[in-house]
């Protein structure tokens with residue numbers, strides 16, 4: 001598999017949210033606005049990239065039976081770094097995302113990629129895989145956040161383009177499921193065509 | 001290179017090294033971000049204070065004092081705003097646990113004569129699009145520049161003078177309650 005294919009698969013063919021349906025908890029929880037979705041996506045991208053790189057580097061020094069605990073420690077470290085840096089330099093976003101940042105630790109994409117990909121492949125492939133998957137996740141969350149913000153608050157990235165209240169349900173949790181369902185349906189349509 | 005054997009010593013040593021490196025790295029990042037985090041928290045507090053009291057020339061955060069709010073309640077933080085040594089307003093950090101999702105924290109600006117200047121919502125978990133409208137001027141301005149002894153700080157459903165937000169009576173009630181608590185506590189000890 002070429003590195004380009006390896007990178008691009010995270011967007012469409014194996015998009016974590018739309019195809020693998022992984023990491024749906026943050027995907028549904030924080031995407032009430034496009035900015036929140038993007039911030040959450042970027043935070044996950046960083047963790048995914050760093051943990052994939054580190055795991056592929058240390059994989060030969062980790063005994064088989066303790067690999068999962070070791071990977072979790074690596075992931076948790078990067079998540080805490082993101083949490084602290086965000087609290088210090090982007091307090092407004094940090095407050096919005098709240099609990100979902102520490103919860104990246106248990107996001108199945110991150111451990112999934114570490115276990116299924118980075119612990120078997122080379123450093124280069126793992127890095128590209130982390131980047132592709134992370135960007136795919138960011139893309140999915142930003143898209144979902146945009147759709148919900150446009151329909152729910154009649155604004156995009158905080159910029160109000162129309163007066164009024166929008167369809168309230170799209171900001172609430174049920175709207176997250178509805179929007180995600182339609183996006184997955186569209187995604188499948190395009191993939192077949 | 002072959003994978004390491006899963007012997008007891010190997011496993012213990014590996015986990016020890018991994019956690020040691022991780023905690024060292026985290027300690028370093030923690031030290032690095034400690035100051036920005038403190039600064040961000042302070043800036044947020046100051047922003048809320050600035051919005052609810054007249055222009056001041058002292059350090060309200062440094063001169064903060066606490067006043068007991070009553071039995072079973074946490075004491076409230078008072079931030080006095082002074083100009084030329086004269087108190088020109090007090091920002092009262094008030095709260096209630098009766099919001100739709102629990103805690104609602106307000107910063108209520110009270111002038112020396114007891115009138116409310118303005119109110120800022122500091123913290124809440126209300127429903128987006130419904131309860132969050134308590135931050136909108138349409139609702140909040142009902143509390144602006146009023147004399148709390150003339151206005152009953154309750155929603156109209158409870159016999160007060162406040163128009164509740166449509167579909168968010170509980171949030172409106174919580175907002176009024178927290179404001180009332182600030183006013184009551186201010187009467188007890190705001191002029192200190």
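Out of B:55, B:71, B:63, B:38, I need the residue that is away from chain A (no Cβ under 11 Å) and out of contact with any strand residue (DSSP E or B) (no Cβ under 9 Å at 6 or more places or on another chain). Which one?
Values: B:55 fails: out of contact with any strand residue (DSSP E or B) (no Cβ under 9 Å at 6 or more places or on another chain); B:63 fails: out of contact with any strand residue (DSSP E or B) (no Cβ under 9 Å at 6 or more places or on another chain); B:38 fails: away from chain A (no Cβ under 11 Å).
Only one candidate qualifies: B:71.
Which of the residues belonging to the stretch A:56-79 are over 21 Å from the mean Cα position of the chain (by Cα), surrounded by fewer than 23 Cβ atoms within 10 Å (Cβ to Cβ) and facing chain B (nearest Cβ under 7 Å)? Please lay out each step first, then the result.
Residues of the stretch A:56-79 that are over 21 Å from the mean Cα position of the chain (by Cα), as a first pass: A:57-67, A:69-70.
Cutting the leftovers down to surrounded by fewer than 23 Cβ atoms within 10 Å (Cβ to Cβ) gives us A:57-61, A:63-67, A:69.
Hits for the stretch A:56-79 are A:60, A:61, A:63, A:64, A:65, A:66, A:69.
Give the stretch B:29-71 a look and list any residue that's in a loop (DSSP other than H, G, I, E, B) and closer than 27 Å to residue A:85 by Cα, or say none. If you could, list the steps in order and put the result at the bottom.
Step one: of the stretch B:29-71, the residues in a loop (DSSP other than H, G, I, E, B) are B:53-64, B:68-71.
Once the filter is applied, which keeps residues that are in a loop (DSSP other than H, G, I, E, B) and closer than 27 Å to residue A:85 by Cα, the stretch B:29-71 yields B:61, B:62.
Can you go through B:171, B:149, B:176 and tell me which one is under 23 Å from residue A:96 (Cβ atoms) and either surrounded by 21 or more Cβ atoms within 10 Å (Cβ to Cβ) or over 17 Å from the mean Cα position of the chain (by Cα) (or both)?
Working: B:149 fails: under 23 Å from residue A:96 (Cβ atoms); B:176 fails: under 23 Å from residue A:96 (Cβ atoms).
Of B:171, B:149, B:176, the one residue that is under 23 Å from residue A:96 (Cβ atoms) and either surrounded by 21 or more Cβ atoms within 10 Å (Cβ to Cβ) or over 17 Å from the mean Cα position of the chain (by Cα) (or both) is B:171.
Take residue A:33 and decide whether it is crowded, with 20+ Cβ neighbours inside 10 Å and farther than 30 Å from residue A:175 by Cβ.
Values: crowded, with 20+ Cβ neighbours inside 10 Å: yes; farther than 30 Å from residue A:175 by Cβ: no.
Taking the combined requirement at face value, the residue does not satisfy it.
Just wondering, is there one or more residues in the stretch A:46-53 that are within 12 Å of chain B (Cβ to nearest Cβ) and surrounded by fewer than 23 Cβ atoms within 10 Å (Cβ to Cβ)? Walk me through how you get there before you give the answer.
The first filter runs over the stretch A:46-53 and keeps only residues within 12 Å of chain B (Cβ to nearest Cβ), leaving A:50-51.
In the following step, the residues that additionally are surrounded by fewer than 23 Cβ atoms within 10 Å (Cβ to Cβ) were identified as A:50.
Yes, the conditions are met somewhere in the stretch A:46-53.
What helices (runs of 4 or more DSSP H) lie completely within the stretch A:51-138 and have 1 or more residues being touching a helix residue (DSSP H, G or I) at 6+ places or on another chain (Cβ under 7 Å) and without any contact (Cβ under 8 Å) to a residue 40 or more places away in the chain?
Working: elements: A:67-89, A:91-97, A:108-113.
The qualifying helices (runs of 4 or more DSSP H) are A:67-89, A:91-97.
Within the stretch A:24-37, does at least one residue satisfy the condition of being farther than 25 Å from residue A:147 by Cα and more than 9 Å from chain B (Cβ to nearest Cβ)? Steps first, answer last, please.
We begin by selecting, within the stretch A:24-37, every residue farther than 25 Å from residue A:147 by Cα; these are none.
Within the stretch A:24-37, none of the residues are farther than 25 Å from residue A:147 by Cα and more than 9 Å from chain B (Cβ to nearest Cβ).
For the stretch A:144-155, does any single residue satisfy the condition of being within 12 Å of residue A:44 (Cα to Cα), buried (at least 16 other Cβ atoms within 10 Å of the Cβ) and touching a helix residue (DSSP H, G or I) at 6+ places or on another chain (Cβ under 9 Å)?
If we filter the stretch A:144-155 for residues that are within 12 Å of residue A:44 (Cα to Cα), which is where we start, we get none.
Within the stretch A:144-155, not a single residue is within 12 Å of residue A:44 (Cα to Cα), buried (at least 16 other Cβ atoms within 10 Å of the Cβ) and touching a helix residue (DSSP H, G or I) at 6+ places or on another chain (Cβ under 9 Å).
Suppose we keep only residues that are away from every other protein chain (no Cβ under 12 Å) and at negative phi within the stretch A:156-167. Which one would you say is surrounded by the most Cβ atoms within 10 Å (Cβ to Cβ)?
A:156
Please go through (1) under 26 Å from residue B:46 (Cβ atoms); (2) touching a strand residue (DSSP E or B) at 6+ places or on another chain (Cβ under 9 Å); (3) modelled with pLDDT of 85 or more for residue B:99 and return the number of the only condition it doesn't satisfy.
(2)
The values are calculated or read from the model by the stated rules, or taken from the named source; none is laboratory data. Just so it is clear, the structure is predicted and the values come from calculations on it, not from any experiment. FYI the Cβ positions are ideal-geometry reconstructions off the backbone, even for glycines, and counts take in every protein chain you see.
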